[in-house]
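Structure record follows, encoded as structure tokens.
The values are calculated or read from the model by the stated rules, or taken from the named source; none is laboratory data. Just so we're clear, the structure is a prediction, and the values are computed from it rather than from any experiment. With ideal geometry, Cβ positions are generated from the backbone for all residues, glycine too; neighbour counts draw on all protein chains shown.
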Amino acid sequence: MPETNSVQAPTPTLEVPFESWGRYPTYPARMIPLNWQTDFPAALAGLHNGALPVGMGRSYGDVCLLKGGNLLLTTGMDRLLHFDTETGILTAEAGVTLAQILDFAVPRGFFLPVTPGTKYVTLGGAIANDIHGKNHHVAGTFGAHVTEFELVRSDGSRRICSPTENLDFYAATIGGLGLTGVITWAKLRMKPIVSRGIDYEGIQFHGIDEFLDLTRQSEHIEYTVSWIDCASTGKNFARGVFMQGDHSKVPAELKPSPEPKLVFPFDAPGFALNHATVSLFNTAFFHKQLKPRVVALQDYEPFFYPLDKVLHWNRMYGKNGLLQFQYAIPWESAREGTIAILQEVAKSGLASFLAVLKAFGDVPSPGMMSFPQPGITLALDFPIKADKSFPLFERLADMTRDFGGKLYPAKDAAMTAAQYQTFYPQWEQFARYRDPMLTSSFWERVTGDRPTL
Amino acid sequence: MSTSPATSSSLQTAGHSGPKKILVLGATSGIAEATCRIWAKQGARLFLVARNADKLAAVAADLKTRGASYVDTAAVDLDDTAQHPALLAHAVNSLTGMDVAYLAHGVLGDQPRAEQEFAHAAQILHTNFVAPVSLLTWLSNYCVQRHAGVLAVISSVAGDRGRKSNYLYGSSKAGLSAFLGGLRNRVDREGVTVLTIKPGPVRTAMTSAMKGSEKFADVNKVAQSIAAAIDKRKDTLYVPFQWQPILFVIRNIPERVFKKLNL
Ligand SMILES: Cc1cc2nc3c(=O)[nH]c(=O)nc-3n(C[C@H](O)[C@H](O)[C@H](O)COP(=O)(O)OP(=O)(O)OC[C@H]3O[C@@H](n4cnc5c(N)ncnc54)[C@H](O)[C@@H]3O)c2cc1C
């Protein structure tokens, strides 16, 4: 008999749309909550068509979707199992969000070793995409700070994975896109802080060369990232603001964060975001920083998560959804490639509302399928216009390939199987670690493989 | 409303100082777990009871990590009423006293099956009504002896009026609500509070990514209301509070009309 107070958790339902952050594509799937470490694989009994663990659905494309299959919702597994204040190692279930971790850790004087641009992602999702943050050049990826985790397979086997135990599964699962099994819990090495504050500096730059100069000068700064105006051409081409910061070393009270209040309430009409409004926004952003250089003590929330204050801001892009396009191009061709791609975007007339530029460092990731590699990464947000966006994405993906780069699966819904297999030649070796019951719409798209389930 | 002052410290001044001592029955249920996290953050001492040992261990580890000053557990099937006296004595002993007992266990059952099989109907009534009566008999006598304590019990809005879609669950909760009303009437003058909690549908973390779940109440907000109602020594709590007027209307629909409705 179901217990009363978990009724509310759905008994498996068919045909419920689970939306990824880009809201494109959308597929019906059956939702199966995994609330306990022991729920998998028992929850799959009697079900067909394969399954995929999912977290907060903060990936943009289809790595967290499975058309017509079963989505294993992990966010009910959100328990904190242990925290060692000496070593800073937190043991937590995989469905806990980074927001929950921060709420717990910051008042105790600890911070995430790596964080993406939103705190509403799960620990499991962060491992499976091997996410990167503004400190990639000094800290590497998220996976580099995961000292151990448990991986459960659909055959019921459970493995402890770490750099010293089951190293092959450890490497395959970090960046393994949820395909190697379900991560039930993980150990994360947190880092000590004494203040919520970030010593922030914002610097205007004009063009990629100035960006590269600033990047070199800031190697010793922990967090760096740039916003870049990709709507302007001519003498304003590739202007932007270089943003950098370190955790403040001046001790201060470590208060908990307030709850977010604003919710973007409706789907914006399709015309809200066009080239004109995007140009306006970008010009305003550039000049918001009035002086060429601004120095401030800033709270970590707006520094890391400027958009989290508005929950569901993805609705701003209207019903058709949005897609990010994120590449990493190695240093040899980084400058040339970035300029060429920005020119191609400007030429297309398709507006990218937010464009984020950053240098990746050479700290290796333990994951065999990780996206980051030394060089430059650029992320562009596009509202989806069916006829125009995909041809542009295809051109940009080909250019990325020609410059020796690759694309980020977490942000993708468009690359072709051929493109993916060039970007990730180790995919066949990785496929040997895939759990036979687990697959995703992304995986089926880029490998052409609807595995036998 | 009881006579004692409505502050959180009122519990602590009831007989001793120091962290609250709380016994939780059905500790692995979503609402109970969320409420316990609030208490853990306050440094409470907790004794947790649930059926499944693995789940109980995970909940206990979580609450300990979040700051509970003491956590002990017992994996017990609460349907077995014969075990209740020993279990409760052990729990109170382990906690070194008890300020709050929180009863959160229960089953929804399968209404169509219960319509055909009395054994299943009896099972629902046993878990949701008979077992709590057994627990509350012991617990209320313990509290009356000490002239202190809060007995907080999760009933349901479904007990306010029988509906064809879940009248077995509903009647078990109606019975429980009536029992709690009588118990309150008996023990209030002894300094003991009885809180009847009536939640509507609740959204837990795992349903939050789904369309339509916005309509449900957030489990953490529900838990906050419950913790606050215990601190304020309230008698009845509808969560979210909007259910109170809704159920007022539902209770007052004439039977002649109600029996024709599809609810
Ligand atoms: C505003 C915004 C900013 C972002 N900024 C960045 C950034 O700076 N850097 C960056 O790298 N990414 C960034 N992202 C992407 C985001 O960090 C990743 O997509 C992240 O993995 C999402 O986590 P999730 O919990 O939502 O997982 P989902 O999107 O639900 O799932 C992601 C993957 O994890 C797998 N998975 C989830 N849980 C488990 C589990 N328990 N066991 C095994 N596999 C599992 C899924 O199968 C899927 O393949 C950003 C996203 C947004 C919306």
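May I ask you to verify whether A:Phe371 is assigned to a loop (DSSP other than H, G, I, E, B) and surrounded by 19 or more Cβ atoms within 10 Å (Cβ to Cβ)? I'd like the intermediate steps shown before the answer.
Values: assigned to a loop (DSSP other than H, G, I, E, B): yes; surrounded by 19 or more Cβ atoms within 10 Å (Cβ to Cβ): yes.
Answer is yes for this residue.
Taking A:Leu47 and the conditions (1) more than 8 Å from chain B (Cβ to nearest Cβ); (2) modelled with pLDDT of 85 or more; (3) outside any loop (DSSP other than H, G, I, E, B), which numbered condition does it fall short on, given that it satisfies the others?
The one condition A:Leu47 does not meet is (3).
Which residues, counting only those in region B:66-109, are among the charged types (D, E, K, R), in contact with a Leu (Cβ under 9 Å, 6 or more places away or on another chain) and within 14 Å of chain A (Cβ to nearest Cβ)?
B:Arg66
Being more than 19 Å from A:Gly143 (Cβ to Cβ), within 12 Å of the ligand (Cβ to nearest atom), more than 8 Å from chain B (Cβ to nearest Cβ) and surrounded by 23 or more Cβ atoms within 10 Å (Cβ to Cβ): is that true of A:Gly55 here?
For A:Gly55, the condition - more than 19 Å from A:Gly143 (Cβ to Cβ), within 12 Å of the ligand (Cβ to nearest atom), more than 8 Å from chain B (Cβ to nearest Cβ) and surrounded by 23 or more Cβ atoms within 10 Å (Cβ to Cβ) - is not met.
Right, A:Leu66: away from every other protein chain (no Cβ under 12 Å) and part of a loop (DSSP other than H, G, I, E, B) or not? Talk me through it step by step, then tell me what you get.
Details: away from every other protein chain (no Cβ under 12 Å): yes; part of a loop (DSSP other than H, G, I, E, B): yes.
Answer is yes for this residue.
Out of all the residues in region A:238-275, which are closer than 30 Å to A:Glu344 by Cα and either modelled with pLDDT of 85 or more or in a loop (DSSP other than H, G, I, E, B) (or both)?
A:Ala238, A:Arg239, A:Gly240, A:Val241, A:Phe242, A:Met243, A:Gln244, A:Asp267, A:Ala268, A:Pro269, A:Leu273, A:Asn274
Please verify whether A:Thr147 is closer than 24 Å to A:Ala92 by Cβ, within 12 Å of the ligand (Cβ to nearest atom) and hydroxyl-bearing (Ser, Thr, Tyr), treating the condition exactly as stated.
Values: closer than 24 Å to A:Ala92 by Cβ: yes; within 12 Å of the ligand (Cβ to nearest atom): no; hydroxyl-bearing (Ser, Thr, Tyr): yes.
Against the criterion (closer than 24 Å to A:Ala92 by Cβ, within 12 Å of the ligand (Cβ to nearest atom) and hydroxyl-bearing (Ser, Thr, Tyr)), A:Thr147 does not qualify.
Restricting the search to region A:327-349, which residues are surrounded by fewer than 20 Cβ atoms within 10 Å (Cβ to Cβ) and either within 16 Å of the ligand (Cβ to nearest atom) or not in a helix (DSSP H, G or I) (or both)?
A:Pro330, A:Gly349
Of these, A:Thr184, A:Thr180, A:Thr173, which one is within 14 Å of chain B (Cβ to nearest Cβ) and within 14 Å of the ligand (Cβ to nearest atom)? Lay out the reasoning, then the answer.
Details: A:Thr180 fails: within 14 Å of chain B (Cβ to nearest Cβ); A:Thr173 fails: within 14 Å of chain B (Cβ to nearest Cβ).
Of A:Thr184, A:Thr180, A:Thr173, the one residue that is within 14 Å of chain B (Cβ to nearest Cβ) and within 14 Å of the ligand (Cβ to nearest atom) is A:Thr184.
Could you go through region A:111-128 and let me know if any residue there is farther than 25 Å from A:Ala172 by Cα and either among the hydroxyl-bearing types (Ser, Thr, Tyr) or assigned to a strand (DSSP E or B) (or both). Explain how you work it out, then say what you get.
Restricting attention to region A:111-128, the residues satisfying the condition of being farther than 25 Å from A:Ala172 by Cα are A:111.
Add one more test, that the residue is either among the hydroxyl-bearing types (Ser, Thr, Tyr) or assigned to a strand (DSSP E or B) (or both), and what stays is A:111.
Scanning region A:111-128 turns up at least one residue that is farther than 25 Å from A:Ala172 by Cα and either among the hydroxyl-bearing types (Ser, Thr, Tyr) or assigned to a strand (DSSP E or B) (or both).
Take A:Asp103 and decide whether it is among the acidic types (Asp, Glu) and within 14 Å of chain B (Cβ to nearest Cβ).
Numbers: among the acidic types (Asp, Glu): yes; within 14 Å of chain B (Cβ to nearest Cβ): yes.
In short, yes.
If we keep just the residues of region A:312-326 that are in a helix (DSSP H, G or I) and within 10 Å of the ligand (Cβ to nearest atom), which is farthest from the other protein chains (Cβ to nearest Cβ)?
Here the residue is A:Trp313.
Checking the structure you have, find out if any residue of region A:124-133 is surrounded by fewer than 24 Cβ atoms within 10 Å (Cβ to Cβ) and within 14 Å of the ligand (Cβ to nearest atom).
Residues of region A:124-133 surrounded by fewer than 24 Cβ atoms within 10 Å (Cβ to Cβ): A:133.
Imposing the further condition that a residue be within 14 Å of the ligand (Cβ to nearest atom) reduces the set to A:133.
Yes: region A:124-133 contains one or more residues that are surrounded by fewer than 24 Cβ atoms within 10 Å (Cβ to Cβ) and within 14 Å of the ligand (Cβ to nearest atom).
For region A:78-100, give me each residue that is of a type outside the set (Ser, Thr, Tyr), away from every other protein chain (no Cβ under 11 Å) and touching a strand residue (DSSP E or B) at 6+ places or on another chain (Cβ under 8 Å). Walk me through how you get there before you give the answer.
Keep residues of region A:78-100 that are of a type outside the set (Ser, Thr, Tyr), which gives A:78-84, A:86, A:88-90, A:92-96, A:98-100.
With away from every other protein chain (no Cβ under 11 Å) added as a condition, the list becomes A:86, A:88-89, A:94, A:98-99.
Scanning region A:78-100 gives A:Gly88, A:Ile89, A:Ala94, A:Leu98.
Checking the conditions here, which among B:Thr96, B:Thr65 is among the β-branched types (Val, Ile, Thr) and out of contact with any helix residue (DSSP H, G or I) (no Cβ under 9 Å at 6 or more places or on another chain)? Steps first, please.
Values: B:Thr65 fails: out of contact with any helix residue (DSSP H, G or I) (no Cβ under 9 Å at 6 or more places or on another chain).
Criteria check complete, one pass: B:Thr96.
How many residues, within region B:158-203, are modelled with pLDDT under 95, surrounded by fewer than 18 Cβ atoms within 10 Å (Cβ to Cβ) and under 16 Å from the mean Cα position of the chain (by Cα)?
Of the residues in that region, 1 qualify.
Name the pairs: first residue in region A:111-136 and within 14 Å of chain B (Cβ to nearest Cβ), second residue near the ligand (Cβ under 6 Å from one of its atoms) and part of a strand (DSSP E or B), Cβ to Cβ under 6 Å, at least 6 apart or on different chains?
Going by the 6 Å Cβ cut-off, the qualifying pairs are A:Gly124/A:Ile183.
Evaluate region A:137-155: report whether one residue or more is buried (at least 20 other Cβ atoms within 10 Å of the Cβ) and part of a loop (DSSP other than H, G, I, E, B).
Yes, region A:137-155 has at least one match.
Looking at (1) within 10 Å of another protein chain (Cβ to nearest Cβ); (2) buried (at least 19 other Cβ atoms within 10 Å of the Cβ); (3) modelled with pLDDT of 95 or more, find the lone condition where B:Ser29 falls short.
(3)
Out of region A:62-78, which residues are away from the ligand (no atom under 13 Å from the Cβ) and either buried (at least 24 other Cβ atoms within 10 Å of the Cβ) or among the basic types (Lys, Arg) (or both)? Spell out how you get there, then give the answer.
Taking region A:62-78 first, the residues away from the ligand (no atom under 13 Å from the Cβ) are A:67-68.
Selection gives A:Lys67 alone.
Pull up region B:233-263, narrow it to residues that are part of a helix (DSSP H, G or I) and among the basic types (Lys, Arg), then point me to the one that is surrounded by the most Cβ atoms within 10 Å (Cβ to Cβ). Let's see the steps before the verdict.
If we filter region B:233-263 for residues that are part of a helix (DSSP H, G or I), which is where we start, we get B:243-251, B:255-258.
From what is left, the residues that are among the basic types (Lys, Arg) are B:251, B:256.
Working: B:Arg251: 10, B:Arg256: 7.
Among them, the one singled out is B:Arg251.
May I ask you to list pairs of residues, at least six apart or on different chains, whose Cβ atoms are under 8 Å apart, with the first in region B:28-40 being free of Cβ contacts under 8 Å to residues at least 40 places away in the same chain and the second being polar (S, T, N, Q)?
As it stands, the answer is B:Thr28/B:Asn52, since those pairs meet every condition given.
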